[in-house]
Amino acid sequence: MRYSRAFIPTVKEAPKDATSPSHVLLLRGGFIRMVGAGIYEMLPMGLRVMNKIGAIVREEMDRAGAHELLMPAMLPREYFEESGRWDSFGSTLLRLSDRKGGDYHLGPTHEEIITDLVRREVKSYRQMPLNLYQVQMKYRDEPRPRAGLLRCREFLMKDAYSFDVDEAAATQSYEQMRDAYHRIFTRLGLEYRVVSADSGAMGGSTSAEFQVLASTGEDAIVACSSCDYAANVEVAETKEPEGAASSAEAPARERVSTPGAKTIDEVVAFLGDGLTSARMLKSLLYVAGEEVVMAVVRGDRELNEIKLARALGVPEVFLASDADVRKATGAEPGFAGPVGFGGRVIVDPEAAQVADGVTGANETDAHLVHVAYGRDFEGEVRAIRAVGEGDPCPRCASPLRAYRGIEGGHIFILGTHYSAKMGATFLDEDGQSHPVVMGCYGIGVSRLVATAVEQNHDDNGIRWPMAIAPYHVMLTPIGKDDEPREVAERLHDELAALGVEVLLDDRNERPGVKFKDADLIGIPLRVTVGKRGLTNGELELKARDADDNEMIPLEGAAEAIAARVREALA
RNA sequence: CGGGGCGUAGCGCAGUCUGGUAGCGCGCAUGGUUCGGGACCAUGAGGUCGGAGGUUCGAAUCCUCUCGCCCCGACCA
């Protein structure tokens, strides 16, 4: 491709509305343009990247035995009505009506539609296992689209659905998809972790997220430094200390006056005398359904609200208002504590280990010192704190490492959630009817374009992994002489004949402009053709992620460059 | 939906407080000089100041309403 004939509208200054690295660089590099909030155009370069990702996804899905189909994006109301999601999806569902006043929506996901297809067409155990997928635009009216392609209202998604006769077979399908996803993310050239995650409202029994590591990621995850345990912090566990505090030698409980000292830091500073936040018993009041409960974690730890909700068996918990705190403890906020507290108390195992703790006295301007679980207060011991860097792995006790990630894929076993509700049943060998057992598997294809950039960029621009780069090689003839241009033209044709995708910068621009654009758009290999090298019969080869040039002989250059490309793709 | 910010030329911004002929840089066009990390000179094109209403002799500027975009939070099979 001749750069002069391509459509690559790069810009020097970042549009002010873009803040995340991928958003800035994809805009500046001429890959995307915004049409509305969370709605983007894929320009030729962006589309090349997205299509490459899509091709890898399709290859691996096909290899795993899945079959591609295409469902409509515009859907009549009745399907989501049937599953209850016409209401439960709320305003995230983009609704529209036709000329006759009929209700429609744009598909945010397709469990209902595929389940309808399968209930009409699949009647026998002989027709399973079955795995159907599509790559299609999805529509979700996100409350807050953001960060360019990372969270859009219209986005390209690969969604696959498996259908099996029972849980065991469904698990097998799930494992096959997990393997396929491993191959996909590996081939994309992205560093990632598979983490266990909250199954959310899907009610699935088993699920895993494929998290692409990026310091700018929205999700916090932990991964073991030695075994393969990894989890979203929403659900991450850690090896908990056993037993209760050995409080035998601790002095008897005592009330101390702590005027104005409400926060952990203030109390530690006020009491002094070697007190650390790890000896504080942080007591937080939460509203869970009808009741107000107290959650106690060590003062140097954070509470994980999802885990607390799960421990309490409620969908979610809300931090109590100041008024609720006063009512429940009889004291101003900042002085709550488990000793003598009337309601339900959940104690984190680490907090239960504190032998000589300090906590609020449920009395304004007062705390209690020399407090221990088991001796001074009771409660249900449940792991409710946030797990983080350095905590021991729940499986092997090695230290966990904290990462940030972007969710690139998510796989679920759905069970019979949709099939039972929608009557997707089959007959087994004995003529008995059963609901099919489903799984669903998503990959955010357009999101991965941005995710790859978040993980692979520097101050000068993008550094595409070879497998998804818009072109493999950038040819940069420089100087005003004819020779570099002629050599570059010839090299372009030779490389193309070898199956290498080449972008030839034939623009009449100064070298600096060409180099800056080359770095910005991030083609993995750049070949500079200039008088400097040609006088020695050489070309300059520079990898986008390397610091220095290397000189290669002009003789046989095409083969050498093609070999480098093949090597990077292997 | 709560909080904050921003809409002025294709992009980035100044001008708004204190009303008085709409400016700068980049980009674009033409000519010339340049040519190994975003060159220089000259000339030029390009704007209903997001929109509507109001106040005023006069509104980018003041008032009211409205639309859009960004960030934080809530939310996010």
If I filter the stretch A:518-542 down to residues being more than 27 Å from residue A:26 (Cα to Cα) and assigned to a helix (DSSP H, G or I), which single residue comes out as least open to solvent (accessible area, probe 1.4 Å)? A:533
Criterion first (in contact (Cβ under 8 Å) with a residue 60 or more places away in the chain, within 16 Å of RNA strand B (Cβ to nearest atom) and of a type outside the set (A, V, I, L, M, F, W, C)) does residue A:524 satisfy it? yes
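Of these, A:494, A:486, which one is open to solvent by 10 Å² or more (accessible area, probe 1.4 Å), more than 15 Å from RNA strand B (Cβ to nearest atom) and among the acidic types (Asp, Glu)?
Exactly one of A:494, A:486 is open to solvent by 10 Å² or more (accessible area, probe 1.4 Å), more than 15 Å from RNA strand B (Cβ to nearest atom) and among the acidic types (Asp, Glu), namely A:494.
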Exactly one of A:314, A:293, A:287 is assigned to a strand (DSSP E or B), open to solvent by 20 Å² or more (accessible area, probe 1.4 Å) and free of Cβ contacts under 8 Å to residues at least 60 places away in the same chain, and that residue is A:287
Tally the residues that are more than 12 Å from RNA strand B (Cβ to nearest atom), farther than 30 Å from residue A:139 by Cβ and part of a loop (DSSP other than H, G, I, E, B), restricting the search to the stretch A:449-476. 3
Evaluate the following for residue A:558: is it within 11 Å of RNA strand B (Cβ to nearest atom) and within 19 Å of residue A:1 (Cβ to Cβ)? no
Note on the stretch A:151-163: residues under 15 Å from the mean Cα position of the chain (by Cα) and not in a strand (DSSP E or B) are A:152
Please find, within the stretch A:503-517, the residue that is nearest to the chain's Cα centre (by Cα) out of those that are surrounded by fewer than 20 Cβ atoms within 10 Å (Cβ to Cβ) and under 15 Å from residue A:459 (Cα atoms). A:516
Any chance residue A:358 is in a loop (DSSP other than H, G, I, E, B) and buried (at least 21 other Cβ atoms within 10 Å of the Cβ): no
When you check residue A:500 against the structure, is it among the β-branched types (Val, Ile, Thr), part of a loop (DSSP other than H, G, I, E, B) and away from RNA strand B (no atom under 16 Å from the Cβ), yes or no? yes
Out of the residues in the stretch A:127-150 that are open to solvent by 60 Å² or more (accessible area, probe 1.4 Å) and assigned to a strand (DSSP E or B), which is nearest to RNA strand B (Cβ to nearest atom)? A:146
Would you confirm, using the coordinates I've provided, whether residue A:479 is within 11 Å of RNA strand B (Cβ to nearest atom) and farther than 22 Å from residue A:12 by Cβ? yes
Which numbered condition trips up residue A:242, out of (1) modelled with pLDDT of 75 or more; (2) open to solvent by 80 Å² or more (accessible area, probe 1.4 Å)? (1)
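Would you be able to say whether some residue in the stretch A:434-448 is outside any strand (DSSP E or B), open to solvent by 40 Å² or more (accessible area, probe 1.4 Å) and in contact with a Cys (Cβ under 9 Å, 6 or more places away or on another chain)?
yes
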Filter the stretch A:1-38 for residues that are open to solvent by 20 Å² or more (accessible area, probe 1.4 Å), modelled with pLDDT of 90 or more and more than 7 Å from RNA strand B (Cβ to nearest atom) and give the result. A:1, A:2, A:4, A:5, A:6, A:7, A:9, A:21, A:24, A:33
Has the stretch A:484-500 got any residue that is over 30 Å from residue A:553 (Cα atoms) and in contact with an Asp or Glu (Cβ under 8 Å, 6 or more places away or on another chain)? no
Within the stretch A:275-282, identify whether any single residue is more than 16 Å from RNA strand B (Cβ to nearest atom), more than 34 Å from the chain's Cα centre (by Cα) and surrounded by fewer than 20 Cβ atoms within 10 Å (Cβ to Cβ), and answer yes or no. yes
Of all residues in the stretch A:416-426 being within 22 Å of residue A:67 (Cβ to Cβ) and not β-branched (Val, Ile, Thr), the one that is surrounded by the most Cβ atoms within 10 Å (Cβ to Cβ): A:418
Just give me the residues in the stretch A:75-88 being in contact (Cβ under 8 Å) with a residue 12 or more places away in the chain, open to solvent by 50 Å² or more (accessible area, probe 1.4 Å) and within 29 Å of the chain's Cα centre (by Cα), in sequence order. A:88
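The values are calculated or read from the model by the stated rules, or taken from the named source; none is laboratory data. Keep in mind it's a predicted model, so treat the numbers as computed, not measured. Cβ sites come from the backbone with ideal geometry, for glycine too, and all protein chains shown count toward neighbours. Each accessible area value is taken on the protein alone, full model and side chains, heavy atoms only, with ligands, DNA and RNA left out. Shrake-Rupley method; radii C 1.70, N 1.55, O 1.52, S 1.80 Å.
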